[in-house]
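The values are calculated or read from the model by the stated rules, or taken from the named source; none is laboratory data. Everything numeric in this text was worked out from a predicted model, so none of it was measured. With ideal geometry, Cβ positions are generated from the backbone for all residues, glycine too; neighbour counts draw on all protein chains shown. When the accessible area is computed, the model is the full protein with side chains, heavy atoms only, and any ligands, DNA or RNA have been set aside. Shrake-Rupley method; radii C 1.70, N 1.55, O 1.52, S 1.80 Å.
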Amino acid sequence: MVASKEIKCLEKSRVELSVKVDKEFVKKEYDELLAKYSKTAHIKGFRPGKVPASVLERKFGESLVQEAGFNVIEKSLQEALLDVEKKPLPYVTPALKDEENLKLALDKDIEYTVEYDTFPDVELGEYKGKMLVVNEGMYGPYIKMDKEFISIPKDIDPLSITLDDAIQIIEKK
């Protein structure tokens, strides 16, 4: 679904993620949405579930394109965020930039940009000649020591962890 993505780190632990989605996926989402509404729409003159797609397109065409486009954005954003190193904070929803100028069409790729806050990299200092960095990953906060990753227990706030706390966690491991 995602044709390309570009990540740019901004100030104060903010990230800008630009995503491009192939037009084939936009068309596929539109067709699925149209089929769903064809089966469930109640329009005067047609039995429920028997409304032709062409009638729906004539009556609701632009809004169907918009809904399909935003469905594609939502799904592609979920896919794009799966393998990025800087994930959004769990309680923050990525904000769509320049939403009012976003052009959604069935015959063009969708390109959009979102901004979100992320967990800051916290450098604690050195231990055994290796730099200790606190970060947030897919499975929660962790301490990175060279190429080793040590999970931080859930009862410890990763933003208030000190070098001594980190050393104790590493030694308990």
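Of the listed pairs Lys87/Lys130; Lys23/Lys103; Lys97/Lys144; Lys8/Lys86, which have alpha-carbon separations greater than 21 Å here? Mind showing how you got there, number by number?
Numbers: Lys87/Lys130 25 Å; Lys23/Lys103 12 Å; Lys97/Lys144 32 Å; Lys8/Lys86 10 Å.
Over 21 Å apart, Cα to Cα: Lys87/Lys130; Lys97/Lys144.
Can you pull the Kirkwood radius for region 101-152, inverse mean 1/r over Cα pairs, to one decimal in Å?
Kirkwood radius, region 101-152: 14.0 Å.
Any idea what the dipole of region 1-96 comes to, in debye rounded to 20, about its Cα centre with Lys/Arg Cβ at +1 and Asp/Glu Cβ at -1?
460 debye
Dividing the convex hull volume of the Cα atoms of the chain by its residue count, what figure in Å³ per residue is obtained? Display every interim value, and only then the final one.
Details: hull volume 26.3 nm³, N = 173.
Output value, Cα hull per residue: 152 Å³.
Which one of Met145, Ser4, Val72 is farthest out on the positive end of the charge dipole of the chain, using unit charges on Cβ (Lys, Arg +1; Asp, Glu -1) and the Cα centre as origin?
Sorting the options by dipole projection puts first Val72.
Taking H placed 1.01 Å from N in the peptide plane, check which residues at least 5 places from Lys97 or on another chain put their amide H under 5 Å from its amide H.
Sorted by chain and number, the residues that satisfy this are Thr113, Val114, Glu115.
Please report, as a whole percent, how much of the solvent-accessible surface of region 44-173 comes from carbon and sulfur atoms (probe radius 1.4 Å).
The C+S portion of the solvent-accessible surface of region 44-173 is 51 percent.
What ranking of Leu106, Leu56 comes out by heavy-atom accessible area, probe 1.4 Å, highest first?
Accessible-area ranking of Leu106, Leu56, largest first: Leu106, Leu56.
With the convex hull built on the Cα atoms of region 57-101, state its orientation-averaged projected area in nm².
So the mean shadow area of the Cα hull is 4.2 nm².
Rounded to the nearest 10 Å², what accessible area does Tyr37 have for a 1.4 Å probe in the complete protein model?
Accessible surface of Tyr37 is approximately 60 Å².
Taking 1 over the mean of 1/r across every pair of different Cα atoms in region 30-120, what Kirkwood radius in Å do you get?
For region 30-120, the Kirkwood estimate is 15.4 Å.
Probe radius 1.4 Å, ligands and nucleic acids left out: which of Thr113, Thr118 has the largest accessible area, and how do the rest follow?
Thr113, Thr118
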